[in-house]
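What follows is a short report on a single structure.
Where a number appears in this text, it was derived from the coordinates with a stated rule and is not lab data. Fair warning: this is a prediction, and the values are worked out from it, not measured in the lab. Here Cβ is always computed from backbone atoms with ideal geometry, including for glycine, and neighbour counts include all displayed protein chains.
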Amino acid sequence: MTDLFRKAPTSNQINIEAPQLGERHQLNYKQWVDILAREAKVVAEQRPQHLTILLGDSLSLWFPSELLPEERTWLNQGISGETSTGLLKRLNLFDRTQPETIFIMIGINDLIRGVESSKILDNHRQIIAYLKRKHPKSQIVVQSILPHGGEEATWEGKEKLLAIPNNWIRELNQQLQTIAIQEGIKYLDLHPLFVNKQGNIRLDLSTDGLHLSKDGYLVWRSALQLYSGLELNSIPAMRSLPTSGEG
């Protein structure tokens, strides 16, 4: 089993050979895609129960396996630095899998690279359309884009974050929510759980103003557990999860 393929404790063991974590930091994009394709192939062949797929960038990629909600089999298809355009182009990697649920979080790297909101939204529409066509029985859940740390960020690309006002992210999330409603899929609003009174990401939930700390992943885990516990079907796309205390 690799870092990217995670399973619930009750699932059968699935073994996939892949580079160790340290080696993965040196992989180029094509190598990442090749690894994810191999992992998806194994999952398609073994067809584990309650398969749940994470789609996204480094935030999804580095979700600690021990913190992912139990009683599900997780296939992590995140790639560090991923954009909505890149994700759209590789959705075919897991065509043969039969996921129960697909969680999507993508867009922050688009904004960092200066991609227009209209392009990000159009890519989301295309991603959703593709997933609905290839996985008609799956629950598709778009997750909100998280805020960044603003002036308090320590990420090496801080100046790029400062060029993205967090109110832009809030507005983009509102549009993503509208798309989810229009497409008849689910929307998971994580943003209120991570934002402080200044509109930035809570520093206790982030390592550098962009990526998440263990506490940040615990908050995300709790949101996924609550969402799953309500069994998705009963939740309208407009619904937001209860907010935690602001930091």
Gain on full stretching of the segment that runs from residue 115 to residue 132 - 0.36 nm per residue minus C-alpha separation: 3.6 nm
Zone residues, region 103-118, relative to residue 163, backbone N less than 15 Å from point 7 Å out along Cα-to-Cβ: 108-117
Count the lysine pairs in region 5-229 whose Cα atoms sit under 15 Å apart, keeping only pairs 8 or more residues apart in sequence or on different chains. 5
Rounded Å value of the spacing that divides the Cα centres of region 62-82 and region 123-153: 15 Å
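How fast does region 5-229 diffuse by Stokes-Einstein, in µm²/s, taking the Kirkwood radius from C-alpha pairs at 25 °C and 0.890 mPa s?
Numbers: Rh = 17.8 Å.
The calculation lands on 138 µm²/s.
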Can you pull out the trypsin sites (Lys or Arg not before Pro) in region 158-223 whose DSSP state is coil and whose Cβ has at most 11 other Cβ atoms within 10 Å? 197
What do you get for Rg/Rh of region 71-186 when both radii come from the Cα atoms and Rh is the Kirkwood radius? 0.98
The local net charge around residue 133, scoring Lys/Arg +1 and Asp/Glu -1 for residues other than residue 133 whose Cβ lies under 15 Å from its Cβ, equals +3
What does the convex hull of the alpha-carbon atoms of region 42-138 project to on average, in nm²? 6.1 nm²
